[in-house]
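Engineer: Sharing a structure below in structure tokens format, with a few things to ask.
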Amino acid sequence: MQRRQSSKHSKRPLQVHHSNQTDLSAWRKGGTVDTEKSAQNRQSLSDQKNDNEQDSLEQALSYFEKIQDRVSLKKSEVLQKHLSTMESIALKRGLPPEGFDVLLDVALSGKLADTVNTRLLKSLIPASAIPESSIVSSVSWFCVSKCSSNIQLLFLRWLITMFDFIDHKEQVHALYGIFFSFLNDEKLCPYICHVLYLLTRKENVKPFRVRRLLDLQSKMGMQPHLQALLSLYKLFCPELVSITLPQKMKTYFKNADGPWKAAINAVRQRNQANSTVPQPLLLGTAQPHSRKRKWNTQLIVPASSANAQNLVVGGKMSRADSCSANESFPVEQLRTFPQLLQNIHRLEFPSQMGSVLTNPLLLHYMNCSKDESVYLRLYYWMGQTLQEECTWCVVDNNQYEEEFRGFLETVYKAECFLQEGFPSCEEFLYRSLPLWDGVSCRSQILQLVSWIPLSTFSEMKSQLCDPLAQLFFTSSLYFKCSVLESLKELLQNWLNWHVVQLDSESDSQFSSLNTTLSGLVNGVAELINFVGRISTAALHLEKSHTFLLYFILDFYETVCDIYLKYKLPLLIMPPAGVFYPALLSMDSVNLNQLCYIMYRYRTNLIAAKENEMSKKKIQQFKFSSQTYQEYNQYIIAMVGCLWTSSAFQKDNHPEGIRLDDELLKKTGVREYKNSFNIVYHPALMCYAVDFLQQAWPDDTTFNFNLIKGKKWNWYLRYLYGQGLEGLKLFIESSINRVSKASQSKAEDEDEKV
């Protein structure tokens, strides 16, 4: 608002002097001078204000640095003044790095009352980075226990929240054993485990530490924070952790950034609004497009601890540095794929795991890395971020929907790149879908649904399918189509995963493959049946809308080819509530789709039957006779409709269109038997009219009875030429036509007539 007002004031001189200008150049000159003067005045006032704040901050830091004896807040106006100054400046634009040494020492040394120490810790908002030395110094005060346990707890929460703002972490990693020694404190234990989780490397996993954690677990029970640390230890050294831990991802730690989160966001927004120059709010080599949310800072590759020594003018490293096997390669210097291949053994993932999502080279590295801790770190960070930033799960987050949408898009792109879903996204969807309105971030949420990993359908049904179904039935046609598209992509991702697994499995692992195959077959079958149920209901609700039917049939184009294309022993026919609306559709695209689908079903079923007959040994999976029976019923109905004009007499499906002749006569339709053949079918009648106009241009009666005999074959070739490839494949594969000799004879007789 302040900038808008200033901009208005800067334009007023132009209006005042407009009548005095003799030409355009003079007018421009006067306006430019006045604008420049206004800008200079604003800059001068801003600089003066910043200088005053800087002086006040230096005075406050100097005061806190010199405190020796305990001072009462109520009795000391000087303390009140400097404390208020510190808080206001910290909340307004953040504190400089040199301020953290002083304030952390004062807060943890116990020189002041807990009220003052609490306010000091809550005001520790960084403007740029936090020096590693201040963390080491504060941990030494933490160890001597000069401050109360409440202040110790608040310090740990602050350290967890600000972990990614620490400039270097080598010395902090060296404090691992000191933090570990505080695990016995029940009050501090959850936050100590959180700090250790962030610090743990493979070299930190020792047998005595595993024993300590197991002892604590036996005393305290299966606490989530202990499970988190044990899970990480087991990933690094599975031989040291023999107990079975829950495999399902869960929220291990409580949210620790409450007092600082809003302040960090406010500082970023204010600094961004007051300056056109990028503010030093990121620990990285690039600035993000938005700084309003904490997760945005973690989508940029942060500067490593070796940055300053390794960076050289021109962006190149010396040969000695490049070839040194003892030093890790700074990930922020990674620019090309050859660089990745050359330094792949010396790369170390950044502390800000979110930055991996936006870096294709790091995603490549992650895809081929066997270090499970990398995935665990990313899943943990992502799970926490999704939980905290969800705009419909957290109060007052609605204003950040656009940024949250961008974050979900980033996660989805990373999943597409890795060709697998993140378990933390699955957990987020299961937890948030029951609260979702179907509108916020719609396309991003449905994209994430398509990458849910394969699991038992009973769990998916209650946590995914039921909430989706409720929204599906009560939402718009467009939403229904979007859900069907997402479920189709989910099915394709599962099937593609199966094909990859088949290629990677060896013959010696065939027994384990069968177990996996059984679970996959059941899961895929349940998903297809679920889509069949909601599709039937949706077609009824939307009166068999053409657009909806297209997406449903698009789903079944994948289903009909599962056996041959994806090598999965499963074929499920569409329900009658989908088949018959498609067969009787008034749109040629839908009818053509159905014909192609039935052609592919036939091809897959024949291949499966031949496979069963050629293999002497008993197969684990066989198609049921019900599948063949249902296919035959559908074929009879289709041939009866499109070719023999006998659908109403021969359709034997329980939900089919068989009707008594007496009832059909009451309809008043003269040629009711021919109503759905390829000439009279509502979806194809426009083609028949066009054919008649081309064959008999002078005839305006549109006599469809002319299309028979030789003309029938001409009409058929005409239909094939209109792009109805599905219809062509169906007729040529499923309809036994007369031999060419008898066919040509019939054509000759027709010509004589």
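The values are calculated or read from the model by the stated rules, or taken from the named source; none is laboratory data. Quick caveat: nothing in here was measured; it's all calculated off a predicted structure. Ideal geometry is used to build each Cβ from the backbone, glycine not excepted, and the neighbour counts take in all protein chains shown. Protein only, heavy atoms only, side chains kept; ligands, DNA and RNA dropped before computing areas. Shrake-Rupley method; radii C 1.70, N 1.55, O 1.52, S 1.80 Å.
Engineer: Residues in segment 143-153: is at least one within 35 Å of the chain's Cα centre (by Cα) and under 24 Å from residue 229 (Cα atoms)?
Structural biologist: Scanning segment 143-153, I find at least one residue that is within 35 Å of the chain's Cα centre (by Cα) and under 24 Å from residue 229 (Cα atoms), so the answer is yes.
Engineer: Taking the condition of being at pLDDT below 90 and small (Gly, Ala, Ser), how many residues in segment 456-491 meet it?
Structural biologist: Looking only at that region, the number is 2.
Engineer: If the requirement is being farther than 23 Å from residue 387 by Cβ, among the small types (Gly, Ala, Ser), in contact with a helix residue (DSSP H, G or I) (Cβ under 9 Å, 6 or more places away or on another chain) and surrounded by 19 or more Cβ atoms within 10 Å (Cβ to Cβ), which of these qualifies: 475, 482, 486?
Structural biologist: 482
Engineer: Taking the condition of being part of a helix (DSSP H, G or I) and either touching a residue at least 60 places away in the same chain (Cβ under 8 Å) or out of contact with any strand residue (DSSP E or B) (no Cβ under 9 Å at 6 or more places or on another chain) (or both), how many residues in segment 65-98 meet it?
Structural biologist: 18
Engineer: Of the residues 143, 193, which is in a helix (DSSP H, G or I) and within 21 Å of residue 252 (Cβ to Cβ)?
Structural biologist: Of 143, 193, the one residue that is in a helix (DSSP H, G or I) and within 21 Å of residue 252 (Cβ to Cβ) is 193.
Engineer: A follow-up question, please. For residues in segment 412-469 being hydroxyl-bearing (Ser, Thr, Tyr) and more than 17 Å from the chain's Cα centre (by Cα), which is farthest from residue 497 (Cα to Cα)?
Structural biologist: 462
Engineer: Here is a list of conditions, (1) out of contact with any Pro (no Cβ under 6 Å at 6 or more places or on another chain); (2) within 19 Å of residue 63 (Cα to Cα), and residue 97 meets all of them except one; can you say which number that is?
Structural biologist: (1)
Engineer: Residues that are at pLDDT below 90 and touching a Lys or Arg at 6+ places or on another chain (Cβ under 6 Å): does segment 639-646 have at least one?
Structural biologist: Yes, because at least one residue in segment 639-646 is at pLDDT below 90 and touching a Lys or Arg at 6+ places or on another chain (Cβ under 6 Å).
Engineer: Additional query: Find all pairs meeting these conditions: Cβ atoms under 7 angstrom apart; at least six residues apart or on different chains; first residue within segment 564-582 and under 15 Å from residue 527 (Cβ atoms) and in contact (Cβ under 8 Å) with a residue 24 or more places away in the chain; second residue part of a loop (DSSP other than H, G, I, E, B) and not polar (S, T, N, Q).
Structural biologist: 571/623
Engineer: If I filter segment 445-468 for residues that are surrounded by 18 or more Cβ atoms within 10 Å (Cβ to Cβ) and in contact with a Lys or Arg (Cβ under 7 Å, 6 or more places away or on another chain), do I get at least one hit?
Structural biologist: no
Engineer: Moving on. Filter segment 617-638 down to residues that are open to solvent by 80 Å² or more (accessible area, probe 1.4 Å) and assigned to a loop (DSSP other than H, G, I, E, B) and give me whichever is modelled with the highest pLDDT.
Structural biologist: In this case the residue turns out to be 622.
Engineer: While we're looking at this one, here's another question. Report every pair of residues separated by at least 6 positions or lying on different chains whose Cβ atoms are under 6 Å apart, first residue within segment 644-657 and closer than 14 Å to residue 675 by Cβ and charged (D, E, K, R), second open to solvent by 50 Å² or more (accessible area, probe 1.4 Å) and not in a helix (DSSP H, G or I).
Structural biologist: Hits for this filter: 651/658.
Engineer: Residue pairs, Cβ under 6 Å, 6 or more apart or interchain, first in segment 340-351 and closer than 16 Å to residue 375 by Cβ and open to solvent by 20 Å² or more (accessible area, probe 1.4 Å), second part of a loop (DSSP other than H, G, I, E, B) and at pLDDT below 80. List them.
Structural biologist: Partner pairs satisfying both residue conditions: 348/328.
Engineer: Residues to consider are 156, 183, 198, 175; find the one that is at pLDDT 90 or above, out of contact with any strand residue (DSSP E or B) (no Cβ under 8 Å at 6 or more places or on another chain) and open to solvent by 10 Å² or more (accessible area, probe 1.4 Å).
Structural biologist: Result of the check over 156, 183, 198, 175: 175.
Engineer: Just name the residue that is nearest to residue 60 (Cα to Cα) out of those in segment 100-131 that are in a helix (DSSP H, G or I), open to solvent by 30 Å² or more (accessible area, probe 1.4 Å) and in contact with a Leu (Cβ under 9 Å, 6 or more places away or on another chain). Break it down stepwise before answering.
Structural biologist: Taking segment 100-131 and keeping what is in a helix (DSSP H, G or I), we get 100-109, 114-122.
If we keep only those that are open to solvent by 30 Å² or more (accessible area, probe 1.4 Å) as well, we get 101, 105, 114-115, 118-119, 122.
Filter once more, keeping what is in contact with a Leu (Cβ under 9 Å, 6 or more places away or on another chain): 115, 118-119, 122.
Working: 115: 17, 118: 17, 119: 14, 122: 16 Å.
So the residue we want is 119.
Engineer: A follow-up question, please. Identify, from the list 672, 680, 596, the residue that is at pLDDT 75 or above, open to solvent by less than 70 Å² (accessible area, probe 1.4 Å) and either among the aromatic types (Phe, Trp, Tyr) or in contact with a Pro (Cβ under 9 Å, 6 or more places away or on another chain) (or both).
Structural biologist: Answer to the check: 680.
Engineer: Would you pick out the residues in segment 682-704 that are part of a helix (DSSP H, G or I) and under 19 Å from residue 590 (Cα atoms)?
Structural biologist: 685, 686, 687, 688
Engineer: Here's another thing I want to ask about it. With respect to residue 73, determine if the residue is open to solvent by less than 20 Å² (accessible area, probe 1.4 Å), within 30 Å of residue 139 (Cβ to Cβ) and either touching a helix residue (DSSP H, G or I) at 6+ places or on another chain (Cβ under 7 Å) or at pLDDT 85 or above (or both).
Structural biologist: no
Engineer: Checking residue 90 against (1) crowded, with 21+ Cβ neighbours inside 10 Å; (2) under 39 Å from the mean Cα position of the chain (by Cα); (3) closer than 30 Å to residue 348 by Cβ, which test does it fail?
Structural biologist: Tallying (1) crowded, with 21+ Cβ neighbours inside 10 Å; (2) under 39 Å from the mean Cα position of the chain (by Cα); (3) closer than 30 Å to residue 348 by Cβ, residue 90 fails exactly one: (3).
Engineer: Same structure, new question: Determine if segment 562-570 includes at least one residue that is farther than 25 Å from residue 486 by Cβ and surrounded by fewer than 20 Cβ atoms within 10 Å (Cβ to Cβ). Please lay out each step first, then the result.
Structural biologist: Taking segment 562-570 first, the residues farther than 25 Å from residue 486 by Cβ are 569.
Filter once more, so that each one left must be surrounded by fewer than 20 Cβ atoms within 10 Å (Cβ to Cβ): 569.
Yes: segment 562-570 contains one or more residues that are farther than 25 Å from residue 486 by Cβ and surrounded by fewer than 20 Cβ atoms within 10 Å (Cβ to Cβ).
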